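Accompanying notes for the structure given below.
The values are calculated or read from the model by the stated rules, or taken from the named source; none is laboratory data. Owing to the predicted nature of the structure, the values given are computational and were not obtained by experimental measurement. Neighbour counts run over all protein chains shown; Cβ positions are idealised from the backbone, glycine included. In case anyone asks, the SASA skips ligands and DNA or RNA and just uses the protein heavy atoms, side chains included. Shrake-Rupley method; radii C 1.70, N 1.55, O 1.52, S 1.80 Å.
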Amino acid sequence: MRISVIGCGYLGAVHAACMAELGHDVVGLDVDSAKIEKLARGVAPFHEEGLPELLERHVCKGLRFTTDPAEIADAQIHFIGVGTPQRQGHIAADMSYVDAAIATIIEHARTDDGPVLVAGKSTVPVGTAQRLSERLAGSGKQLLLAWNPEFLREGHAVADTLTPDRIVYGLPDDHDVGHVAKALLDECYAKPLAAGTPLIVANYPTAELVKVAANSFLATKISFINAMAELCDATGGDVTRLAEAIGHDDRIGSKFLQAGIGFGGGCLPKDIRAFMARAGELGVDQALTFLREVDAINLRRRDAAVELAEQAVQGRLVGKKVAVLGITFKPDTDDLRDSPALDIATRLWARGAELSIVDPAAGPELRRRRPDLSVPDTVDEAARGADVVMLLTPWREFLELDPAALITKVNTPNIIDGRNVLDPQRWAEAGWNYVGMGRRVSTW
Ligand code: UDX
């Protein structure tokens with residue numbers, strides 16, 4: 001099929017490359033010329049496993065990237081993959097990029113040969129699809145709308161797109177129109193559907209809600225275990241053992257029960273806030289009051305990490321050297337959006353600590369943004385002379401660190417395990433003062 005993808009960020013660029021991998025003829029459009037220039041050369045503009053290989057395979061052979069909206073004219077499906085960030089000074093989502101994408105499609109899409117589908121992938125406030133479909137209906141062109149939310153996780157985005165765990169179509173109430181939209185999506189996703197991927201067909205609001213409901217559930221699960229970490233801290237318990245024990249109940253499950261400095265990134269924090277804002281507009285804010293608590297628990301984790309660093313140096317951070325291991329919001333990405341690690345590091349900096357930050361993917365970007373910070377290339381350099389070492393993003397190479405070797409580099413052997421991923425016993429035996437988040441060294 002001929003496909004356009006509007007917006008070539010973490011979502012759109014991966015979606016475009018994966019659509020080419022599924023055998024489609026794809027054009028990706030973005031207003032950011034630096035990003036497009038890289039993609040058009042087959043170079044990934046951000047760190048995402050598997051994306052460089054897909055770009056290498058398909059750019060110039062069925063996959064193009066452009067800043068010229070006229071080039072999307074012939075597509076049979078236009079996917080919208082632009083961002084819906086938190087609005088400045090407000091918890092609601094900024095819809096201006098989605099609205100601009102719709103305007104571009106209305107202006108450039110050619111529909112002389114029959115109906116053309118617009119498929120929204122961006123996370124939007126419920127009610128958006130209905131509003132946009134009315135706009136498309138009034139455009140004078142045969143443009144149909146479906147909402148087809150995306151569930152990809154950064155770091156696993158290629159696999160999540162090529163072999164999704166489910167596909168959701170939000171279709172218009174008019175069945176005849178809906179069937180045309182469904183047939184186009186079925187053709188587009190023929191391969192994953194043939195492989196047995198569950199398909200859920202629903203109306204617009206359900207499809208829009210599925211995405212924010214999923215992210216709210218995940219955020220709630222993380223904040224639940226972080227609340228338990230607070231209890232463990234107050235009582236001497238170990239939240240990792242607690243999570244392991246409750247996770248064996250398959251009604252609960254063990255995933256997303258990793259307590260630590262909490263969630264961040266471009267999705268969970270802003271999605272739960274935008275969801276609360278929308279519930280307020282709909283007059284059902286009470287239904288989501290719990291998300292306020294989820295957000296508050298999450299933000300308290302960052303305060304707790306700052307306090308632990310302060311306690312490690314007897315309350316005086318000024319002039320103390322803190323080595324920060326990992327600055328992205330999670331491993332296997334270079335994404336710094338709403339990163340808890342970056343927030344904590346910035347607060348330590350504001351309290352007078354000398355920071356030395358190492359990150360396997362975001363080092364160059366951090367140096368560009370914060371030339372005042374020390375961002376060495378290796379853990380050994382970062383740890384040299386440190387009074388506190390803080391592991392804030394669980395990159396695999398940090399989990400494999402040898403505590404006996406690292407202790408020879410530091411000034412004082414304080415390790416704060418912000419993700420509860422190190423073996424407390426092993427680090428303590430090597431001479432470190434180990435502090436986890438809701439977890440301390442214990443004999444059991
Ligand atoms: C999320 C959703 O998982 C994905 O389905 C959706 O499409 C987009 O938002 P992503 O933002 O890539 O994906 O990150 P995710 O893997 O969900 O992690 C989010 C944050 O939660 C990270 O900061 C991570 O470190 C944190 N986290 C995750 C925990 O603190 N504990 C856990 O147990 C799991």
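For the pair residue 314 and residue 165, what calculated FRET efficiency results from E = 1/(1 + (r/R0)^6), where r is the Cβ-Cβ distance and R0 = 56 Å, to the nearest 0.05?
Details: r = 48 Å, r/R0 = 0.86.
The pair residue 165/residue 314 has a calculated efficiency of 0.70.
Each Lys and Arg Cβ is given +1 and each Asp and Glu Cβ -1; about its Cα centre, the range 297-444 then shows a dipole of about 480 debye. Contact order, relative form, for the range 2-197: 20 percent (alpha carbon pairs under 8 Å, 6 or more residues apart, mean separation divided by residue count). Calculated FRET efficiency, residue 214 to residue 443, Cβ-Cβ distance, R0 = 41 Å: about 0.55 to the nearest 0.05.
Quick one: ranking 18, 267 by accessible area, 1.4 Å probe, largest first, what do you get?
Details: 18 0, 267 50 Å².
Sorted by accessible area, descending: 267, 18.
As a test question: what accessible area, to the nearest 10 Å², does residue 347 have when a 1.4 Å probe is rolled over all protein chains in place? Solvent-accessible area, nearest 10 Å²: 70 Å². You can think of it this way: the chain between residue 347 and residue 2 has 119.4 nm of extra reach, that is 0.36 nm per residue less the Cα-Cα gap. Note on residue 276: accessible area approximately 30 square angstrom, rounded to 10, probe 1.4 Å, nucleic acids and ligands left out. In sequence order, the range 194-208 has phi-based couplings of 5, 7, x, 4, x, 10, 10, 9, 8, 7, 4, x, 4, 4, 5 Hz under the Karplus curve 6.51 cos²θ - 1.76 cosθ + 1.60, θ = phi - 60°, and Gly or Pro positions carry x.
Computed from label points 7 Å out along Cα-Cβ, the spacing between residue 175 and residue 252 is 4.6 nm.
Remark: spin-label model distance residue 70-residue 87 equals 3.5 nm, labels positioned 7 Å along the Cα→Cβ axis.
Only Cα pairs under 8 Å and at least 6 apart count here; give the relative contact order of the chain as a rounded whole percent. Working shown, then result.
Details: 893 pairs, mean separation 52.1, N = 444.
Computed over the chain, the figure is 12 percent.
Close amide H contacts of residue 64 (hydrogens built in the peptide plane, cut-off under 5 Å, sequence separation of 5 or more or a different chain): 26, 27, 28.
What the Kirkwood sum gives for the chain is a hydrodynamic radius of 23.4 Å, with every pair of different alpha carbons counted.
Working note: Karplus 6.51/-1.76/1.60 with θ = phi - 60° gives the range 294-310 the couplings 4, 5, 5, 4, 4, 5, 5, 4, 5, 4, 4, 5, 5, 4, 4, 5, 5 Hz, where Gly and Pro are set to x. Ranking 394, 73, 45 by how far each Cα lies toward the positive end of the dipole of the chain (charges on Cβ) leaves 394 at the top.
Hey, got the dipole for the chain? About the Cα centre, +1 on K and R Cβ, -1 on D and E Cβ, debye to the nearest 20? Could the numbers behind the result be given before it?
Values: 47 positive and 61 negative charges, 165 e Å.
In debye, rounded to 20, the chain gives about 800.
Within 10 Å, count the other beta carbons around each residue, average over each peptide in 195-204, 20-29, and list them highest first.
Values: 195-204: 13.8, 20-29: 21.8.
Highest to lowest by the protection proxy: 20-29, 195-204.
Given a 1.4 Å probe and every protein chain left where it sits, what share in percent of the accessible area of the chain is carbon and sulfur?
Working: 10280 of 19350 Å².
The nonpolar share, carbon plus sulfur, comes to 53 percent.
Taking amide H positions as modeled 1.01 Å from N, with prolines and chain starts lacking one, the residues under 5 Å from residue 374 and 5 or more places away or on another chain are 355, 357. When each of the peptides 140-153, 429-442 is scored by the mean number of other C-beta atoms lying within 10 Å of its residues, the order from highest to lowest reads 140-153, 429-442. Along the axis of the charge dipole computed for the chain (Cβ charges of +1 for Lys and Arg, -1 for Asp and Glu, origin at the Cα centre), the listed residues 146, 379, 167 are led at the positive end by 379.
Over the chain, dividing the summed -39,500 (n - 2.57) contributions of all DSSP H runs of at least 4 residues by the number of residues returns a 222 nm mean residue ellipticity of -13000 deg cm²/dmol.
Given Cα positions, please report Rg to Rh for the range 125-247, the hydrodynamic radius being the Kirkwood one. Here the Rg-to-Rh quotient is 1.15.
Ordered by packing density, taken as the mean number of other Cβ atoms within 10 Å over each peptide's residues, highest first, how do 315-322, 279-286 rank?
Numbers: 315-322: 16.5, 279-286: 12.5.
The peptides rank, most packed first, as 315-322, 279-286.
State whether the range 2-197 is rounded, prolate or oblate according to the following rule on the C-alpha gyration tensor (a ≥ b ≥ c being the square roots of its eigenvalues): a/c under 1.5 gives rounded; otherwise a/b larger than b/c gives prolate, and the remaining case gives oblate.
On the way: a/c = 1.33, a/b = 1.22, b/c = 1.09.
It comes out rounded by the Cα gyration axes.
Computed from backbone phi with θ = phi - 60° and the Karplus coefficients 6.51, -1.76 and 1.60, the 3J(HN,Hα) list for the range 11-22 is 7, x, 5, 5, 4, 4, 5, 6, 5, 5, 4, 7 Hz; x is used for glycine and proline. Considering only 333, 239, 290, and ranking their Cα positions along the charge dipole of the range 216-436 that arises from unit charges at the beta-carbon of Lys, Arg, Asp and Glu, the one farthest toward the positive end is 290.
The base-10 log of I(q)/I(0) for the range 216-436, evaluated at q = 0.08, 0.09 Å⁻¹, reads -0.29, -0.37 [Debye formula, identical scatterers on Cα atoms, solvent excluded]. Charged side chains reduced to their Cβ positions (Lys and Arg at +1, Asp and Glu at -1) give the range 2-197 a dipole of some 120 debye around its Cα centre. The long axis of helix 175-188 is offset from the longest Cα principal axis of the chain by roughly 60 degrees.
Compactness of the range 1-110 is given as radius of gyration and Dmax, 13.7, 44 Å, from Cα positions. Rolling a 1.4 Å sphere over the protein heavy atoms, what is the accessible area per residue of the chain, to the nearest Å²? Each residue of the chain exposes 44 Å² on average to a 1.4 Å probe.
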